[in-house]
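Participant: This is the structure I have questions about; it appears just below.
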Amino acid sequence: MHPVNHTLPPTAPCSEPLLRVDSLVKRFPVKGGILRRTVDEVHAVSGVSFTLDRAETLGLVGESGCGKSTTGRLILRLIEPTSGAIWFEGRNVIALDHRQLLALRRDMQIIFQDPFASLNPRMSVGAIIGEALIIHGLAKSPREREDRVVELLETVGLRADHMRRFPHEFSGGQRQRIGIARALAVRPKLIVCDEPVSALDVSIQAQVVNLLEDLQEKFGLSYLFIAHDLSVVEHISHRVAVMYLGRIVEIASSHDLYSAPLHPYTEALLSAVPIPDPTLKRTRIRLKGDPPSPLRPPSGCAFHTRCPIAKKTVCSSEVPTLREVRPGHLVACHLRS
């Protein structure tokens, strides 16, 4: 991978955030009985708030099922939120009608996790990448569309003649490059990367991450990088947000979060990350029990049932607010300051 550079462009902190998420909530109904009535709700996302600057990468990490991917899909309105607000360049994404949302798709794209399931096997690579150009009217003629597809393929490290082939003729890493080219086709400002390297071999992961970094530098892209691999997130992210059971429990710069985590859950996650230097030792923090069910989230702090420092008086009764305890470092914990 490229050398780590967590420095944002000079203009990023001074400008209005590209994306602002306020108190985002998503509950999925659980149907039951003969009449298929709603009998319960899955608390997938519970009051998530964060900002994303231009040309910034925000890593979103946590255990499987914590709500990371749901958050990304809510931002793109691939699924509808239960409540909350999503602001993109000052526009309320939730309030947009179908026609306005279609126009917004040019600015917000997604790279899916599974490169084998996310590409239509019946379409050629040229048709897959060029489809968005047709939908948004970005190519005046078939020749112009073909030229743009060739340009995109070469941008992501593939050859022009690949446009005539079909997805089954490519490896996983090549398919993910096709997915990246598809996302780039409409010249977006924000790309939600939904675990884009988790299905790839380690050596291929590095190539794809380096490609994403190069594209960000070239086109000024912003990434919401969703992943469970903390090593990859540390490398690519300027800031990192940690999720647990639908809530963000800590947000900080990549350097601060990895060098001085504050939330007990973040400490436990980082303690499990392998260290390449065999002379260094790290004490593994083993959490008790299993993650609670999002059908029945615990009262108070959702993490208190597994937390090694929890106090029954406050942790089990009051939901901690995400507050800034150091410059740019936010944590949702009653016992950390």
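Each value in this text was obtained by applying a stated rule to the coordinates, not by laboratory testing. No experiment lies behind these values; they were computed from the predicted model shown. Every residue, glycine among them, receives a Cβ derived from its backbone with ideal geometry; neighbour counts consider all protein chains shown.
Participant: Over 20 Å between Cα atoms, which of Lys288/Lys312; Lys288/Lys311; Lys68/Lys312; Lys281/Lys311 qualify? Please list the in-between numbers first.
Facilitator: Details: Lys288/Lys312 16 Å; Lys288/Lys311 15 Å; Lys68/Lys312 28 Å; Lys281/Lys311 29 Å.
The pairs that break the limit, which is 20 Å between Cα atoms, are Lys68/Lys312; Lys281/Lys311.
Participant: Nearest 20 debye, what's the magnitude of the dipole of the chain about its Cα centre given +1 on Lys and Arg Cβ and -1 on Asp and Glu Cβ? Numbers along the way, then the final one.
Facilitator: Working: 42 positive and 35 negative charges, 188 e Å.
Taking the Cα centre of the chain as origin, the dipole is about 900 debye.
Participant: Apply the Karplus parameterisation 6.51 cos²θ - 1.76 cosθ + 1.60, with θ equal to phi minus 60°, to every residue of segment 80-97 and state each ³J(HN,Hα) to the nearest whole Hz, in sequence, with x for glycine and proline.
Facilitator: Result, rounded to whole Hz: 8, x, 6, 7, x, 9, 10, 10, 10, 6, x, 9, 7, 4, 5, 8, 6, 7.
Participant: So how do Asp256, Asp147 line up by other beta-carbon neighbours within 10 Å, fewest first? Walk me through the numbers before you get to the answer.
Facilitator: On the way: Asp256 19, Asp147 13.
Taking fewest neighbouring Cβ atoms as first place, the list is Asp147, Asp256.
Participant: Cα convex hull of segment 117-187: mean projected area in nm², to one decimal?
Facilitator: Spelled out: convex hull of the Cα atoms, projected over all directions, averaged, 4.2 nm².
Participant: What 222 nm value per residue comes from the helices of the chain, counting each DSSP H run with n ≥ 4 as -39,500 (n - 2.57) and dividing by all residues, nearest 500 deg cm²/dmol?
Facilitator: -8000 deg cm²/dmol
Participant: To continue, here is another question. Please order Tyr244, Tyr258 by the number of other Cβ within 10 Å, starting at the fewest. Working shown, then result.
Facilitator: On the way: Tyr244 23, Tyr258 19.
Ordered by Cβ neighbours within 10 Å, fewest first: Tyr258, Tyr244.
Participant: In whole Hz, what ³J(HN,Hα) sequence does segment 59-64 give by Karplus (6.51, -1.76, 1.60; θ = phi - 60°), x for Gly and Pro?
Facilitator: x, 10, 10, x, 5, 4
Participant: Taking the chain as the reference, fit the longest principal axis to its C-alpha atoms, fit the long axis of helix 172-184 to the helix C-alpha atoms, and give the angle between the two in degrees, 0 to 90, nearest 10.
Facilitator: The answer is roughly 80 degrees.
Participant: Under a point-charge model restricted to the Cβ atoms of Lys and Arg (+1) and Asp and Glu (-1), what is the dipole moment magnitude of segment 117-187 relative to its Cα centre, in debye to the nearest 20? Don't jump to the answer; show the numbers that get you there.
Facilitator: Values: 12 positive and 8 negative charges, 24 e Å.
Dipole size: approximately 120 debye.
Participant: Could you give the angle, 0 to 90 degrees to the nearest 10, between helix 202-219's Cα long axis and the longest principal axis of the Cα atoms of the chain?
Facilitator: It is inclined by approximately 70 degrees.
Participant: Taking the dipole about the Cα centre of segment 117-187, with the C-beta of Lys and Arg at +1 and of Asp and Glu at -1, give me whichever of Ala181, Met123, Leu138 is farthest to the positive side.
Facilitator: Going by the Cα projections, it comes out as Met123.
Participant: Further question: Averaging sequence separations of C-alpha pairs under 8 Å and six or more residues apart, then dividing by the length of segment 224-337, give the relative contact order as a whole percent.
Facilitator: Relative contact order comes out at 25 percent.
Participant: What is the Cα centroid distance between segment 140-191 and segment 40-78, reported in whole angstrom?
Facilitator: For segment 140-191 versus segment 40-78, the Cα centre distance is 27 Å.
Participant: Still on this model: In degrees, nearest 10, range 0 to 90: what is the angle between the Cα axis of helix 142-155 and the longest Cα principal axis of the chain?
Facilitator: 50
Participant: Let me ask something else about it. With unit charges on the beta carbons (Lys and Arg positive, Asp and Glu negative) and the dipole taken about the Cα centre of the chain, which residue among Gly289, His235, Ser69 sits farthest to the positive side?
Facilitator: Towards the positive end, the residue furthest out is Gly289.
Participant: Amide H neighbours of Asp229 under 5 Å, counting only residues 5+ apart in sequence or on other chains, H built in-plane at 1.01 Å?
Facilitator: Answer set, sorted by chain and number: none.
Participant: What dipole magnitude, in Debye to the nearest 20, does segment 23-108 give about its Cα centre under +1 on Lys/Arg Cβ and -1 on Asp/Glu Cβ?
Facilitator: 380
Participant: Further question: Under 5 Å between amide hydrogens, which residues at least 5 positions from Arg247 or on another chain qualify, with H placed 1.01 Å from N in the peptide plane?
Facilitator: Ser46
Participant: Sort Arg247, Arg286, Arg187 so that the residue with the fewest other Cβ atoms within 10 Å of its own Cβ comes first and the one with the most comes last.
Facilitator: Least to most surrounded, the residues fall as Arg286, Arg187, Arg247.
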